[in-house]
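Report on the following structure.
The values are calculated or read from the model by the stated rules, or taken from the named source; none is laboratory data. Keep in mind that this is a model prediction, so the values were computed, not measured. Cβ: placed from backbone, ideal geometry, glycine included. Neighbour counts: every protein chain shown. Surface areas here come from the heavy atoms of the whole protein model, side chains and all, with no ligands, DNA or RNA. Shrake-Rupley method; radii C 1.70, N 1.55, O 1.52, S 1.80 Å.
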Amino acid sequence: MAHAKRSPKGVSIFYASPLIFLAACGLLAVIIAVFAVNNYQREKKLNELILKQEATAILNLVAAGSRSALRRGFMRGDLNNENWLEFVSQTIDNSAEHPGLLGLYLVDQDGIVRTHSDNEQIGKRIDDQTRLLLERQQSDNQRKISAIVRQPGREEPVFLMAVGFMPAGGMAGPDQFNRRRMGRMRPELSPLPDHLERMRAIAETPLSLVVELSLEGYQQAIKKQIIQIVILSLILLLVGGGGLLSLVLIQTYKGSQKRLRSIRTFTDTLVSSLPLGLIATSEEGHIRICNPSAALMLNLDADSCIGLELNRVLDQKMINGLEHQQLETIQRWEVGPVVEAGIEKNLLFTRVKIADQAEQAGGFMILVQDLSQLRDLEDQLQKAERDAVVGRMAAGVAHELRNPLSSVKGLALLLKSRFKEDRSAQQTADLMVEQVERLDRSISELLDYARPGLLTKTTFQIDELLARAVMLVRTDTETQNIEVHETYGCGAVIMEGDKDKLTQVFLNLFLNGIQAMEEGGRLTISSRCSDREVTIGITDSGCGIPAEQADKVFEPYFTTKHDGTGLGLAMSARIVQDHNGTIALQSRPQEGTTVTVKIPIYPEFDSRSSAALQRSNSALPS
């Protein structure tokens, strides 16, 4: 029923895996987030760069076209301060067909639109966002500036780029340019001072060329990137969710397995620890469980009987009781006495049918209970009741007999004093007194046995007590040629008890052994100690006691002696019981008898007794 234990290392790895998995998920989330943000920023910058390049190309085209038109007008001589905007406007109109172009216009320093791809906007003032952008360009002395702004009247933001614009460009330069170039190209024109003055006036006009581009492509690219980020996030969420779900399932499975193992271990421990025998069988009658208590009671091998049929394991008397009551759901029968390992046992069997929820039979369970202790308790109860009856009877008898006996003894003494010269009367009176005293002693013994024992406790060494008791019977042993062997093993162990009553017990046991060896023999007295009790053994080599009488020797008024009262051993057993001890007798006819007395060492003397026991054991020969 034992199970292999999991190593602590395997348990620690298992419980570390959720943390590792969560850390991996967190790291993956950070990587995806960084990757998504970088992609978003890169895409945004790339689209802004494309817009800037596109706007720059448009502005460069317009600037180059405007200057080219102005040069042509200048060379033809039809360029003046009033019509130069027409040349620029033509270039702007030609460039307005560019896809994604929302507006292309020229703004003066007052924020007035001088020319525009949308003729309706000419002469109007630019919006605040555009004005702030141009002011920042002038304050920072930047040639070119760009930004994404939200203009009034438009729902979507636009990309706006402004660049400083010089209409005449290099044409407003030194005279050598005009003279050399114009003289070489059109000699007939020679120097034109008026044209030069007009070009200077145009060149010195502070203007800004502004282009507005739609952000539709830019926004589409950003939305596409956002969609990709969302898709990646969803993939991460699905992967992480699947991983977490798998982790939960694994944890739940592992937890279920662990709880199942725990329940099984607890069940196996519970079944193994039951004081009752338990045998469970399958529906076919094969043994599936046999706990140690059942194996001990039935003298079985718990492991080897698993899988065997029940009728091959149990005794036939037990099987008969089972077959007689097959139809009952719960049945009980008693078998006994059963002799197992030389010990008689009375066994109570209880059979319980095992059924599932559908009331289908799944085998049955047999509980085995050893009734030997119960029978012993019943015997002890009967003995206690019998002793109580004897006590009440003894009290009544003593009261009823002692008064007449006192009168009889007094009359016998009176007769003896009156017939001093009659020897026969004197002997008769002495005999009457002797018998009255014997009856009085018997009544006193009966009362001593019947009344509760009152112990006068003192502390003493058990070996010393035994040695003194042996000295009291030394004369008897020498007279009957009995050899006494003493083996004491308790040494200085101290115990607590009624010294006089225990001496009475051992004297009684010694005398019984001596009286059983009428032709001499050997009397062996031994003692040994453990941490909790003292064990005294008294063995004689006498005639022994028959087996049918051995169980009755401690009963009151049972005796095998012609002149015995039958209270000696009963009184000894009572005194030992008053000391919370036990007394047992083993005997074989013509071989001898051994009486074993066990008396506990009381707790308050355990520490001193244990130390003394260790000292005495170390002093004994090996």
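Structure notes:
- Test: GLU519 is farther than 22 Å from ALA467 by Cβ, free of Cβ contacts under 8 Å to residues at least 40 places away in the same chain, assigned to a helix (DSSP H, G or I) and open to solvent by 30 Å² or more (accessible area, probe 1.4 Å): no
- A single member of GLN435, GLN504, GLN426 is touching a Phe, Trp or Tyr at 6+ places or on another chain (Cβ under 7 Å), surrounded by fewer than 18 Cβ atoms within 10 Å (Cβ to Cβ) and not aliphatic (A, V, I, L, M), and it is GLN426.
- Of all the criteria given as (1) modelled with pLDDT of 70 or more; (2) outside any helix (DSSP H, G or I), the one not satisfied by ASN60 is (2).
- Residues that are buried (at least 19 other Cβ atoms within 10 Å of the Cβ) and in contact with a His (Cβ under 9 Å, 6 or more places away or on another chain) do not occur anywhere in the stretch 548-556.
- Residue ID - most open to solvent (accessible area, probe 1.4 Å), chosen from residues in the stretch 31-46 that are in contact (Cβ under 8 Å) with a residue 12 or more places away in the chain and closer than 16 Å to LEU237 by Cα: PHE35
- Each residue in the stretch 273-307 was checked for being within 19 Å of LEU374 (Cα to Cα) and open to solvent by 40 Å² or more (accessible area, probe 1.4 Å), and 4 pass.
- Set side by side, the residues LEU232, LEU260 differ, and just one is of a type in the set (A, V, I, L, M, F, W, C) and at pLDDT 85 or above, which is LEU260.
- Test: residue in the stretch 399-409 that is farther than 30 Å from LEU278 by Cα and modelled with pLDDT under 70: yes
- The residue pairs whose first member lies in the stretch 464-482 and is on the phi > 0 side of the Ramachandran plot, whose second member is open to solvent by 100 Å² or more (accessible area, probe 1.4 Å), and whose beta carbons are closer than 9 Å, counting only pairs six or more residues apart or on different chains, are ASN481/GLU519.
- Count of the stretch 229-246 residues which are small (Gly, Ala, Ser) and either closer than 14 Å to TYR40 by Cα or touching a Pro at 6+ places or on another chain (Cβ under 6 Å) (or both): 1
- Where strands (runs of 3 or more DSSP E) sit wholly within the stretch 413-506, those with at least 3 residues that are over 60 Å from the mean Cα position of the chain (by Cα) and either closer than 29 Å to MET517 by Cβ or modelled with pLDDT of 85 or more (or both) occupy 482-488.
- The set of residues in the stretch 193-215 being at pLDDT 80 or above and open to solvent by 30 Å² or more (accessible area, probe 1.4 Å) consists of SER214 alone.
- Filter result for GLY410 (in a helix (DSSP H, G or I), without any contact (Cβ under 8 Å) to a residue 40 or more places away in the chain and within 26 Å of PHE558 (Cα to Cα)): no
- Residues in the stretch 312-327 that are touching a strand residue (DSSP E or B) at 6+ places or on another chain (Cβ under 8 Å) and open to solvent by less than 100 Å² (accessible area, probe 1.4 Å) were compared, and the one that is modelled with the highest pLDDT is VAL313.
- Counted residues, the stretch 572-591 - those being part of a helix (DSSP H, G or I) and either open to solvent by 30 Å² or more (accessible area, probe 1.4 Å) or not hydrophobic (A, V, I, L, M, F, W, C) (or both): 4
- Filter pass, SER256 being loosely packed, with under 11 Cβ neighbours inside 10 Å, assigned to a helix (DSSP H, G or I), under 28 Å from the mean Cα position of the chain (by Cα) and without any contact (Cβ under 8 Å) to a residue 40 or more places away in the chain: yes
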